[in-house]
1. Considering only residues that are touching a helix residue (DSSP H, G or I) at 6+ places or on another chain (Cβ under 7 Å) and outside any loop (DSSP other than H, G, I, E, B), which ones fall in the stretch 145-179?
2. Would you confirm whether any residue within the stretch 71-90 is at pLDDT below 90 and out of contact with any strand residue (DSSP E or B) (no Cβ under 7 Å at 6 or more places or on another chain)?
3. Could you grab me the full set of residues in the stretch 16-55 that are in contact with a strand residue (DSSP E or B) (Cβ under 8 Å, 6 or more places away or on another chain) and either aliphatic (A, V, I, L, M) or modelled with pLDDT under 90 (or both)?
4. Within the stretch 62-136, which helices (runs of 4 or more DSSP H) (wholly inside it) include 3 or more residues that are in contact (Cβ under 8 Å) with a residue 40 or more places away in the chain and under 24 Å from the mean Cα position of the chain (by Cα)?
5. Taking the conditions exactly as written (under 23 Å from Gln9 (Cβ atoms) and surrounded by fewer than 14 Cβ atoms within 10 Å (Cβ to Cβ)), does Ala133 satisfy them or not?
6. Go through the stretch 11-43 and report how many residues are surrounded by 14 or more Cβ atoms within 10 Å (Cβ to Cβ) and farther than 23 Å from Gly135 by Cβ.
Amino acid sequence: MSRIPLDTQYQVETPEGIDLEAALAGPVVRILAYAIDLILRSIVLTVLMIVLFFAGKTGMGLFLVLSFLLEWFYPVLFEVYAGGQTPGKKAMQIAVVNDDLTPICWSPALVRNLLRAADFFPFFYLGGLICMALGSKFQRLGDLAAGSLVIYREPPKAALSLPNRPPRSPQLSLSLEDQVAVIAFTQRHGQLSRARQQELAEILSDVLPCGSDQAVGHLQGIGIWLLGDRGETTSL
């Protein structure tokens with residue numbers, strides 16, 4: 001009997017009929033993110049304890065209040081105001097979102113974090129780990145109650161640089177596949193050696209209105225034109 005391969009991809013369709021996709025974050029990376037946040041909170045609490053120690057009982061009372069707020073509302077504030085990412089989650093490139101992949105807001109953020117107490121039982125988040133391991137979406141109890149997910153969020157990619165070529169309108173009919181190939185050839189100019197670019201361009205040199213020595217520049221000009229640059233269009 002064939003088995004369905006494990007897949008961490010999560011898809012959801014919006015009311016407008018657009019498919020959104022994200023990669024779910026598993027227990028290991030979430031534990032590492034939590035450890036980073038725990039270290040940061042411990043450092044802050046240590047500094048507060050040292051500063052407030054000299055204020056006597058008033059200082060200790062204030063320390064207890066601040067430590068409570070830091071423990072329970074530190075993740076809530078970051079998840080709501082920092083795109084679903086605490087410093088630990090940001091370091092591990094993961095984020096909390098609603099199960100429809102929309103940004104998380106106050107209500108689900110509060111629910112999922114206050115229910116960490118339930119995930120903690122019977123000791124050190126064992127209940128939450130078991131829940132994540134048994135579910136297909138790696139949701140702990142707080143996530144199930146809040147309707148939230150933890151997904152990978154890659155940093156934005158730098159914009160691709162295009163070659164410095166004048167745009168050229170194509171003089172022959174190009175199919176959709178041909179257009180995609182020419183655009184990819186143009187966008188990858190920085191990843192291909194000059195010799196490799198020439199080799200690929202010469203494949204189409206017979207149908208281009210230029211010599212093989214100008215094929216690279218001509219194709220890149222067509223690619224720039226296809227990408228929407230129509231300024232000072234040239235043609236051969």
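1. Those that are touching a helix residue (DSSP H, G or I) at 6+ places or on another chain (Cβ under 7 Å) and outside any loop (DSSP other than H, G, I, E, B): Ala145, Ala146, Ser148, Leu149, Val150, Arg168, Gln179.
2. Within the stretch 71-90, the first condition is being at pLDDT below 90, and the residues that meet it are 71-72.
If we keep only those that are out of contact with any strand residue (DSSP E or B) (no Cβ under 7 Å at 6 or more places or on another chain) as well, we get 71-72.
Yes, some residue in the stretch 71-90 is at pLDDT below 90 and out of contact with any strand residue (DSSP E or B) (no Cβ under 7 Å at 6 or more places or on another chain).
3. Initially, the stretch 16-55 is screened for residues in contact with a strand residue (DSSP E or B) (Cβ under 8 Å, 6 or more places away or on another chain), giving 19-25, 29-30, 33.
Passing the criteria: Asp19, Leu20, Glu21, Ala22, Ala23, Leu24, Ala25, Val29, Ala33.
4. Numbers: elements: 87-91, 106-114, 116-120, 126-134.
Once the helices (runs of 4 or more DSSP H) in the stretch 62-136 are filtered for at least 3 residues that are in contact (Cβ under 8 Å) with a residue 40 or more places away in the chain and under 24 Å from the mean Cα position of the chain (by Cα), what remains is 87-91, 126-134.
5. On the way: under 23 Å from Gln9 (Cβ atoms): yes; surrounded by fewer than 14 Cβ atoms within 10 Å (Cβ to Cβ): yes.
Against the criterion (under 23 Å from Gln9 (Cβ atoms) and surrounded by fewer than 14 Cβ atoms within 10 Å (Cβ to Cβ)), Ala133 qualifies.
6. Summing the residues that are surrounded by 14 or more Cβ atoms within 10 Å (Cβ to Cβ) and farther than 23 Å from Gly135 by Cβ in the stretch 11-43 gives 3.
A quick yes/no check of all residues on (1) under 30 Å from Leu20 (Cα atoms); (2) modelled with pLDDT of 80 or more; (3) of a type in the set (Phe, Trp, Tyr):
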| site | (1), (2), (3) |
| --- | --- |
| Leu110 | yes, yes, no |
| Phe138 | yes, yes, yes |
| Lys157 | yes, no, no |
| Pro170 | no, no, no |
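The values are calculated or read from the model by the stated rules, or taken from the named source; none is laboratory data. Small disclaimer: the values here were computed from a predicted structure and weren't measured. Using ideal geometry, Cβ is built from the backbone for each residue, glycine included, and neighbour counts are taken over all protein chains shown.
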